[in-house]
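The values are calculated or read from the model by the stated rules, or taken from the named source; none is laboratory data. A quick note: this is a predicted structure, and the numbers were derived from the prediction, not measured. FYI the Cβ positions are ideal-geometry reconstructions off the backbone, even for glycines, and counts take in every protein chain you see.
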Amino acid sequence: MFPNHGEETGREVPRRHARTAAPTRRQATPDRPLRARVRLLGQLLGDVLTRQEGTSLLNLEEEVRAMTTGLRRVHSAGQQQLLDERLAALDLATAVRLIRAFALFFQLSNLAELEHLARRIEKDRAGPPAAAVGTFAALLARAATGEVSIDGLEASFADLCVVPVLTAHPTEASRRSVLNHITALATDMGLLDNPALPERRRDELIEGMRARIELLWQTEELRSSRPRIVDEARNIRFYLDEVLFDAVPDVYAELDRQWRAQVERPLPPLRPFLRIGSWVGGDRDGNPHADAGVLRSTLVAQKDLVLGRYLRAVRSLATELSASTRWSGQGARLQQSIRDDETAMPRAAVDVLETPPDEALRRKTFLVHRRLEATMTALHGGPAEHPYISAADFAADLDVIDATLRGARLTAVAGGALLTLRRQVAVFGFCGLAIDVREHRDRVRSAASTLLRAMGWIDGTLDDIDEATALRLLTDALPLRGPTVSDARIGLRTTARNARRMPSRNARISVDRLHSSASTPPEVLPSDRAWPRATPARTRRRSR
């Protein structure tokens, strides 16, 4: 498995990666690049095992691999018995190392397969739209020929709501160190695909991959202690930060690009139809430790991550937006926005005096950055000058910058990093993932009945009123400063207080795994055009 097939089992793999031989007729298949990647990773792993464990472990692995491969091809009771006896004779330390060797190889093979799949998808997207089945390109190609109604598509996008939910499970709480090594391996492996890559750089990348595999071999994949909710939440934030925060807005960017390429009329304003949810921190039905305090700490940690991403993005924008009012014009809306910020943030106004007076866009962006910093400070309980109250306020400032750029005919600038940031804000707000607060139905109904009785809105229980009325009353009650509800009533009062501090769409109450929820629909999704901001629709019930 690990060395080249046909090599002597104990032979060390050369440091320089051998070029793959010219393809034979048998090798010339779409999976040939995948096989080459798996072979490379297997070579590197075999080299690591030989260096760190000696040839005995590699020989044992090859022996077991050959026996299992033969059994898979032709099952034999005698061969099965020999394999069982061989494995039973291993001491515990050797068995653990053998299992880890196979597990790491399978992990590396899965990584190669994912990278191969990503390349296949990119190749399909680069081909004829109709051939890319299951993509926006194929869908809109059908619409362009009249096979699908454009009006029907617009109506479908208006009603569409897709919310994949990340679940909390101890076996999924991989260590951040392992995830970082795997991510670095994937990055280096992707760079190897460049046909113009110099030989020296190729060797450097392969040596970097070897180093990552060495570290993976000596890194504990799982924690030595039982994972806590905070560990599960940290694991989820890894995927939010490293994958979802960039990938989900790319979905909307691809829709916008394909619509402009294939449909004659403009794409209408859309609400984000794809969001990501999470059970981590809110699974009270399945974890007794998931109380209201855990929910709040999870939301705060997510907000800290998201604000950090926005701070870096805005700082980058500030360094790029060098346009002078001499050439781009004054922009009355922009100038008024700057005056409002400087009035509300006198300390920040002094700090940005170093910005040239004719660079109004840069000045505004620096002020936005200071407001984000103040929002981060307020999140952690510090004194803050004019923090953002909601992501909608932040989005409004970005809209001012966008409108100014487009008014100055800087449309390519507006459609670049700024548009990506505006999409991220529309999708993730200030809290990132929408957390499902899952609780047993009876406890929720009991706590809600207590709350509404104490407010004088009902005399009995929720069983005495219809569901529509109950949902309306609770939707009105949760954001308010209601009466005290005991901790035995699942901390509903604390949850309500958290709901006041966080956007309502980021904490949905789910009961008995039915996931009924009520949340305020988000704002209009930014596109690569200057669309007017639509008025948010009335709160409605949404189900998954």
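Applying the selection to the stretch 281-335, what residues are surrounded by fewer than 20 Cβ atoms within 10 Å (Cβ to Cβ), farther than 24 Å from A403 by Cβ and β-branched (V, I, T)? Of everything in the stretch 281-335, just one residue is surrounded by fewer than 20 Cβ atoms within 10 Å (Cβ to Cβ), farther than 24 Å from A403 by Cβ and β-branched (V, I, T), namely V300. Got at least one residue in the stretch 359-373 being modelled with pLDDT of 95 or more and surrounded by fewer than 19 Cβ atoms within 10 Å (Cβ to Cβ)? Yes, the stretch 359-373 has at least one match. Listed by first and then second residue, the pairs linking a residue in the stretch 103-115 that is in contact (Cβ under 8 Å) with a residue 12 or more places away in the chain to a residue that is aliphatic (A, V, I, L, M) and outside any helix (DSSP H, G or I), with Cβ atoms under 9 Å apart and 6 or more places separating them unless they lie on different chains, are F105/M1. Residues in the stretch 65-81 that are of a type in the set (S, T, N, Q), under 19 Å from F106 (Cα atoms) and surrounded by 12 or more Cβ atoms within 10 Å (Cβ to Cβ): T68 alone. Only one residue in I99, I121 is within 30 Å of W217 (Cα to Cα) and among the aliphatic types (A, V, I, L, M). Which one? Just a single option satisfies the conditions, and that option is I99. Might you let me know whether the stretch 385-396 holds any residue that is surrounded by fewer than 20 Cβ atoms within 10 Å (Cβ to Cβ), among the aliphatic types (A, V, I, L, M), closer than 30 Å to D283 by Cα and touching a residue at least 24 places away in the same chain (Cβ under 8 Å)? Yes: the stretch 385-396 contains one or more residues that are surrounded by fewer than 20 Cβ atoms within 10 Å (Cβ to Cβ), among the aliphatic types (A, V, I, L, M), closer than 30 Å to D283 by Cα and touching a residue at least 24 places away in the same chain (Cβ under 8 Å).
Looking only at residues of the stretch 242-284 that are of a type in the set (D, E) and closer than 26 Å to A414 by Cβ, we find that the one that is farthest from the chain's Cα centre (by Cα) is E264. Within the stretch 148-186, take every residue that is in a loop (DSSP other than H, G, I, E, B) and either of a type in the set (K, R) or modelled with pLDDT of 85 or more (or both) and give me the one that is farthest from L108 (Cα to Cα). It comes out as S149. For the stretch 192-213, taking the residues that are outside any helix (DSSP H, G or I) and in contact (Cβ under 8 Å) with a residue 12 or more places away in the chain, the one that is surrounded by the fewest Cβ atoms within 10 Å (Cβ to Cβ) is identified as D193. Among the residues of the stretch 410-435, just one is free of Cβ contacts under 8 Å to residues at least 60 places away in the same chain and assigned to a loop (DSSP other than H, G, I, E, B), namely G416. As a summary of the residue check, P266 satisfies the conditions (1) in contact with a strand residue (DSSP E or B) (Cβ under 8 Å, 6 or more places away or on another chain); (2) crowded, with 19+ Cβ neighbours inside 10 Å; (3) not aromatic (F, W, Y) except for the one numbered (2). What are the residues in the stretch 401-412 that are surrounded by fewer than 20 Cβ atoms within 10 Å (Cβ to Cβ) and β-branched (V, I, T), if any? The one that is surrounded by fewer than 20 Cβ atoms within 10 Å (Cβ to Cβ) and β-branched (V, I, T): T411. Here L244 clears all of (1) in a loop (DSSP other than H, G, I, E, B); (2) aliphatic (A, V, I, L, M); (3) modelled with pLDDT of 85 or more except the condition numbered (1).
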